[in-house]
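To start, the structure under review is shown below, and the notes come after it.
The values are calculated or read from the model by the stated rules, or taken from the named source; none is laboratory data. Keep in mind it's a predicted model, so treat the numbers as computed, not measured. So basically every Cβ, Gly included, is an ideal-geometry build from the backbone, and we count neighbours across all protein chains shown. What goes into the accessible areas is simple: the full protein's heavy atoms, side chains included, and nothing from ligands, DNA or RNA. Shrake-Rupley method; radii C 1.70, N 1.55, O 1.52, S 1.80 Å.
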Amino acid sequence: MQKTDMDSSRELLAYAIIGLVLLLVVPALGVMLHRRKRRRLRQRGIKRYGH
């Protein structure tokens with residue numbers, strides 16, 4: 001069974017969409033986790049930087 005041009009372009013489009021979503025989600029997730037960690041530490045009275 002051979003792939004047609006339609007199948008390969010559809011597959012390429014799917015990979016492009018997945019890549020775009022990952023490019024947007026991964027940094028946002030990292031920032032969110034960092035903020036959550038910082039907030040938890042602050043609630044326990046631990047400051048992150050030298051004061």
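If you compute volume of the Cα convex hull per residue in Å³ for the structure shown, which of [x] 149; [y] 88; [z] 58 do you land on?
Matching entry in [x] 149; [y] 88; [z] 58: [y].
Might you report the magnitude of the Cβ-based charge dipole of the chain about its Cα centre, with Lys and Arg at +1 and Asp and Glu at -1, to the nearest 20 debye?
Charge dipole of the chain: 1100 debye, to the nearest 20.
Within 12 Å, Cβ to Cβ, of LEU29, how many net charges do the neighbouring residues add up to if Lys/Arg are +1 and Asp/Glu are -1?
+2
At 7 Å along Cα-to-Cβ for each site, give me the label-to-label distance between HIS34 and MET6 in nm.
The two pseudo-label positions are separated by 4.6 nm.
Heavy-atom accessible area per residue, the chain, 1.4 Å probe: how many Å²?
102
How large is ³J(HN,Hα) for each residue in region 26-35, as worked out from phi by the Karplus curve 6.51 cos²θ - 1.76 cosθ + 1.60 (θ = phi - 60°), to whole Hz, x for Gly and Pro?
Here the 3J(HN,Hα) series is 4, x, 5, 5, x, 5, 4, 5, 5, 5 Hz.
Can you give me the % of accessible surface on the chain that is carbon or sulfur? Probe 1.4 Å, all protein chains present, nothing else counted.
Exposed carbon and sulfur together represent 63 percent of the surface.
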